[in-house]
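Structure first, then comments.
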Amino acid sequence: MTPSTEQASPRAVVLLSGGMDSCVCAALAARDFEAAALHVSYGQRTEERERRAFDGICDRLGIRRRLVVRNQALREIGGSALTDSSIAVPQANGSIGNSVPITYVPFRNAHFLAAAVSWAEVLGADKVFIGAAEQDSSGYPDCRPEYYRAFNEVIRAGTREGRIEITTPLIGLRKAEIVRLGLELGAPFDLTWSCYSRQDRACGVCESCVLRLRAFQAAGVPDSIPYAVPVSAASSRAG
């Protein structure tokens with residue numbers, strides 16, 4: 001019998017929150033790698049809805065290997081409107097990205113990346129995808145390119161072989177560019193969830209909803225998820 005010359009596809013772990021950006025990242029990972037998806041539940045307001053989005057996106061993209069982990073620390077630490085029910089999720093205003101908002105979860109992405117890198121070591125994956133985007137964002141400090149350059153140095157020093165790399169394919173893109181890329185990839189935007197405050201219908205007024213609406217508006221395509229406010233009113237606010 002002639003031995004098979006077909007090589008196995010390289011593996012990658014993708015952090016998949018269930019939001020728009022992570023969905024596009026997952027579509028990229030699934031296209032180019034044998035992708036495994038990791039979801040972190042950390043006691044956020046929309047925890048159940050994000051988990052449903054994660055499962056639906058994985059199903060649509062054909063990602064079979066999945067891991068859901070629970071991080072209790074971020075909820076216990078608090079300090080964010082996403083993890084502390086006594087802090088209201090603010091409505092967006094015209095100054096998105098000018099300061100770090102109360103929806104910032106302190107050092108959250110470090111917790112997520114630590115779990116993803118650990119799993120990547122076990123799976124023999126060389127890449128960890130994360131949908132961090134610096135442009136048109138809320139100004140979170142753990143979404144900057146220098147943060148990921150530094151984290152890659154930590155990985156090189158602190159893993160067995162030092163070869164795992166965090167990749168941030170969306171970090172320099174505008175939100176509308178992320179929408180267009182997702183459409184090219186067939187990313188299932190209809191399954192995603194971005195709202196910070198509601199799990200039934202997106203509120204349309206939090207920063208995440210407004211940034212999302214602006215992106216679809218700039219890309220010239222309708223958003224396919226339901227909003228609590230009329231789409232015309234939400235689009236007007238987003239503009």
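The values are calculated or read from the model by the stated rules, or taken from the named source; none is laboratory data. All values derive from a computational prediction rather than experimental measurement. Please note: Cβ atoms are built from the backbone with ideal geometry, for glycine as well, and neighbour counts cover all protein chains shown. What goes into the accessible areas is simple: the full protein's heavy atoms, side chains included, and nothing from ligands, DNA or RNA. Shrake-Rupley method; radii C 1.70, N 1.55, O 1.52, S 1.80 Å.
Quick notes
- Scanning segment 115-150 for residues that are under 14 Å from the mean Cα position of the chain (by Cα) and of a type in the set (A, V, I, L, M, F, W, C) yields 116, 128, 129, 130, 132, 133, 143.
- Per the conditions (1) touching a Lys or Arg at 6+ places or on another chain (Cβ under 9 Å); (2) closer than 30 Å to residue 229 by Cα, the sole criterion not satisfied by residue 37 is (2).
- Verdict on residue 87 being surrounded by 12 or more Cβ atoms within 10 Å (Cβ to Cβ), over 17 Å from the mean Cα position of the chain (by Cα) and at pLDDT below 95: no
- Residue among 153, 177, 184 that is assigned to a helix (DSSP H, G or I) and over 20 Å from the mean Cα position of the chain (by Cα): 153
- Any pair with Cβ under 6 angstrom, 6 or more apart, that starts in segment 213-237 at a residue that is part of a loop (DSSP other than H, G, I, E, B) and of a type in the set (Asp, Glu) and ends at one that is open to solvent by less than 40 Å² (accessible area, probe 1.4 Å) and modelled with pLDDT of 65 or more: 223/216
- Sole exception among (1) touching a strand residue (DSSP E or B) at 6+ places or on another chain (Cβ under 9 Å); (2) assigned to a helix (DSSP H, G or I); (3) touching a residue at least 60 places away in the same chain (Cβ under 8 Å); (4) under 14 Å from residue 187 (Cα atoms) for residue 50, by number: (4)
- Matching option when the condition is among the polar types (S, T, N, Q) and under 17 Å from the mean Cα position of the chain (by Cα), among 192, 159: 192
- The residue that is most open to solvent (accessible area, probe 1.4 Å), counting only those in segment 48-65 that are within 15 Å of residue 202 (Cβ to Cβ) and basic (Lys, Arg), is 52.
- Among residues of segment 179-199 being of a type in the set (A, V, I, L, M, F, W, C) and surrounded by fewer than 20 Cβ atoms within 10 Å (Cβ to Cβ), the one that is farthest from residue 135 (Cα to Cα) is 185.
- Options 176, 157: the member that is more than 20 Å from residue 109 (Cβ to Cβ) and not acidic (Asp, Glu): 176
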